[in-house]
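Read the structure below first, then the notes.
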Amino acid sequence: MDDEELLRTVPIFSELSEQDIGSLARLATRRRFPKDTVVFFENEEGDTFFMIVDGRIKVTILGDDGREIILSVLGPGDFFGEMALLDNEPRSATTIAVEETELLTLQRVDFQSVLTDNRSITSALIKVLTSRLRRANHQISTLALLDVYGRVARVILDMAREEGKRLKDGRIAFRRATHQEIANRIGTTRETVTRMLKDLERQGLIHVDGKEIVLQPDFEKVFD
Ligand code: CMP
């Protein structure tokens, strides 16, 4: 795919004319990040806006003790790095490529002029930021209101709904994240997640199948 085709796959640019996509493509630069490399750290100054072409980016906050909390995992068509450009504050989180990842980048001045010139992008951007806020609210309620068992169940349900595929029989199959990744989404330990997943499997609510976890239809009834 050339850069213009790639930009078309980014939903916030979907309303742009051929001509505007063309000028945007001339301003954008492609960058490739190997697995486990940091794109930028929390608290750095930031001058760049990023769009994911291929791969996955983990948005994370690292505690002083080395523990991390994963705010989100973004994939193709998603963007990040807009906050520091919109409010001129330092980066609000660290971003890491969790697999080999290709990004398109725009510099601050270009991002700002694209926003000023195209109302459709501003409203599409607000829509995405609103849905991120809804998701963050949901995450806060999960962390604050549920016990650790409920949190593990809820994060699994969220991951299944966000990235999984629903099978004809109503079950949902999704990528089997590492137990550490699940733990880092809800501020618990890997050992706790391992124990809870075994328990859910023993109850017949999930089935771990190679690289996938499959949720039984009853799972949603119990934990939704
Ligand atoms: P910025 O603050 O520039 O750098 C970190 C980026 O992570 C931020 O812009 C957003 O693009 C992204 N980000 C921060 N918090 C969240 C969140 N809760 N959900 C998804 N993305 C986020």
- Note on the structure: For the stretch 132-160 the number of residues that are outside any helix (DSSP H, G or I) and touching a Lys or Arg at 6+ places or on another chain (Cβ under 8 Å) is 1
- Query: So I156 fits all but one of (1) touching a residue at least 40 places away in the same chain (Cβ under 8 Å); (2) open to solvent by 50 Å² or more (accessible area, probe 1.4 Å); (3) more than 10 Å from the ligand (Cβ to nearest atom); what number is the exception?
  - Reply: (2)
- Number of positions in the stretch 93-131 that are assigned to a helix (DSSP H, G or I) and either within 13 Å of the ligand (Cβ to nearest atom) or farther than 24 Å from M159 by Cα (or both): 20
- Message: For the stretch 51-64, which positions are more than 8 Å from the ligand (Cβ to nearest atom) and at pLDDT 95 or above?
- Response: M51, I52, G55, R56, I57, K58, T60, I61
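For every residue, the table says whether it meets (1) more than 10 Å from the ligand (Cβ to nearest atom); (2) part of a loop (DSSP other than H, G, I, E, B); (3) open to solvent by less than 50 Å² (accessible area, probe 1.4 Å); (4) among the acidic types (D, E).
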position	(1), (2), (3), (4)
F49	no, no, yes, no
G66	yes, yes, no, no
I70	no, no, yes, no
A84	no, no, yes, no
R91	no, yes, yes, no
- Query: Out of (1) touching a strand residue (DSSP E or B) at 6+ places or on another chain (Cβ under 8 Å); (2) over 17 Å from V128 (Cα atoms); (3) at pLDDT 95 or above, what's the single condition that is false for L24?
  - Reply: (3)
- Query: Of all residues in the stretch 1-22, which are closer than 12 Å to L104 by Cβ and exposed (fewer than 13 other Cβ atoms within 10 Å of the Cβ)?
  - Reply: M1, D2, E5
- Considering every residue within the stretch 23-43, establish whether at least one is within 10 Å of the ligand (Cβ to nearest atom), polar (S, T, N, Q), open to solvent by less than 20 Å² (accessible area, probe 1.4 Å) and outside any helix (DSSP H, G or I). no
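The values are calculated or read from the model by the stated rules, or taken from the named source; none is laboratory data. This is a predicted model, so every value here is computed, not measured. FYI the Cβ positions are ideal-geometry reconstructions off the backbone, even for glycines, and counts take in every protein chain you see. Just so you know, the surface numbers come from the protein's heavy atoms only, side chains and all, with ligands and any DNA or RNA stripped out. Shrake-Rupley method; radii C 1.70, N 1.55, O 1.52, S 1.80 Å.
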